[in-house]
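S.K.: Take a look at this one; I'll ask things after.
The values are calculated or read from the model by the stated rules, or taken from the named source; none is laboratory data. All values derive from a computational prediction rather than experimental measurement. Neighbour counts are summed over all protein chains in view; Cβ atoms, including those assigned to glycine, are modelled from backbone coordinates with ideal geometry.
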Amino acid sequence: MKIIKRIFLIIILLILLVALTGISILLNKGYNIYKNAINEMSIKDKVAEIQSNESYTKLEDLPEFYKNAVIAVEDRRFYNHGAVDPIALARAVLVNIRYWELREGGSTITQQLAKNIYFTQEKSALRKIAEIFMAFELEKNLDKDTIFELYLNTSYFGDGYYCIKDASLGYYGKEPKDMNRNESSMLAGIPNAPSAYCPTDHLDLAQQRQNQVLDKMVKYEYITEEEKNEILQETNAVVEKVNQTEKVSE
């Protein structure tokens, strides 16, 4: 009996050793991807490149409602945690283990910025590790407002729009500062899945996502349930107007 217990213990230790070795290899490879990326272009140079874009929009030139909508739906603890949100990350790990695939990333806005400006959108463990290393580097070099501003200026909004100004002008024909609550809440939800939520191609899905954004805003007390319903009525009125216009043109 003692021999069996010892054999069982040895097997468990070997499994743990193999797992730890595998994790160590992944961490090392992810770190190398991060180092190669930052050696190719420093954060200072990368930021300067982004800010030189003529479409770059400062945080103070964006509607407060839009900024609140993005925070609510993407990373509600953004201003209170560091590069990584342990709560969101733990939840994502549990979901991924449950389904045995990379369904959730638990990414903070800082991690998403790292992905936007340094890496691809490919879902892989190595990219995720590199993204986390880069997120810590971003937080070390930039303040939260700058990170948030850069994120909004590097997110993809579908239909060929790669920043908030281009999206606002492209979808609504107006500067970002002039967006109303309906427009702001719809654009806040698109970067999560641009191909699915692009309003010119999938208006029904874009509206469903907008509803999720507004639900989050109610949950985190940015708006009331009554305000949410008012915004949805505005959305329905716009959609109805578009439908009527299309019928007349036909």
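S.K.: Does region 99-114 contain any residue that is closer than 30 Å to Glu234 by Cα and either at pLDDT 95 or above or of a type in the set (Asp, Glu) (or both)?
M.R.: Yes, the conditions are met somewhere in region 99-114.
S.K.: Moving on. Which residue pairs have Cβ atoms closer than 7 Å, lie 6 or more positions apart in sequence or on different chains, and pair a first residue in region 148-163 that is over 21 Å from Glu60 (Cβ atoms) with a second residue that is among the hydrophobic types (A, V, I, L, M, F, W, C) and in a loop (DSSP other than H, G, I, E, B)?
M.R.: Gly158/Cys198; Asp159/Cys198
S.K.: For region 27-61, what are the residues that are closer than 15 Å to Ser168 by Cβ and touching a residue at least 60 places away in the same chain (Cβ under 8 Å)? Quick ask: steps written out before the conclusion?
M.R.: Step one: list which residues in region 27-61 are closer than 15 Å to Ser168 by Cβ, which gives 53-59, 61.
Across region 27-61, the qualifying residues are Asn53, Ser55, Tyr56, Thr57, Lys58, Leu59, Asp61.
S.K.: Return the pair list, or none, for Cβ contacts closer than 6 Å from residues in region 62-86 that are without any contact (Cβ under 8 Å) to a residue 60 or more places away in the chain and buried (at least 17 other Cβ atoms within 10 Å of the Cβ) to residues that are among the small types (Gly, Ala, Ser) and assigned to a loop (DSSP other than H, G, I, E, B), at least 6 apart or on different chains.
M.R.: If the second residue must be among the small types (Gly, Ala, Ser) and assigned to a loop (DSSP other than H, G, I, E, B), no pairs are left.
S.K.: Could you tell me whether region 61-73 includes any residue that is assigned to a helix (DSSP H, G or I), in contact with a helix residue (DSSP H, G or I) (Cβ under 6 Å, 6 or more places away or on another chain) and modelled with pLDDT under 95?
M.R.: No, region 61-73 contains no residue that is assigned to a helix (DSSP H, G or I), in contact with a helix residue (DSSP H, G or I) (Cβ under 6 Å, 6 or more places away or on another chain) and modelled with pLDDT under 95.
S.K.: Sticking with this structure for a sec: Which helices (runs of 4 or more DSSP H) sit wholly inside region 147-241 and have at least 2 residues that are within 17 Å of the chain's Cα centre (by Cα) and surrounded by fewer than 14 Cβ atoms within 10 Å (Cβ to Cβ)?
M.R.: Filter on region 147-241 gives an empty set.
S.K.: Right, here's the next one. Return yes when Asn53 is in a helix (DSSP H, G or I), among the polar types (S, T, N, Q) and surrounded by 13 or more Cβ atoms within 10 Å (Cβ to Cβ) and no when it is not.
M.R.: It is false that Asn53 is in a helix (DSSP H, G or I), among the polar types (S, T, N, Q) and surrounded by 13 or more Cβ atoms within 10 Å (Cβ to Cβ).
S.K.: Evaluate region 123-144: report whether one residue or more is in contact with a Ser or Thr (Cβ under 6 Å, 6 or more places away or on another chain), β-branched (Val, Ile, Thr) and assigned to a helix (DSSP H, G or I).
M.R.: Checked against the condition, which is being in contact with a Ser or Thr (Cβ under 6 Å, 6 or more places away or on another chain), β-branched (Val, Ile, Thr) and assigned to a helix (DSSP H, G or I), region 123-144 yields no hits at all.
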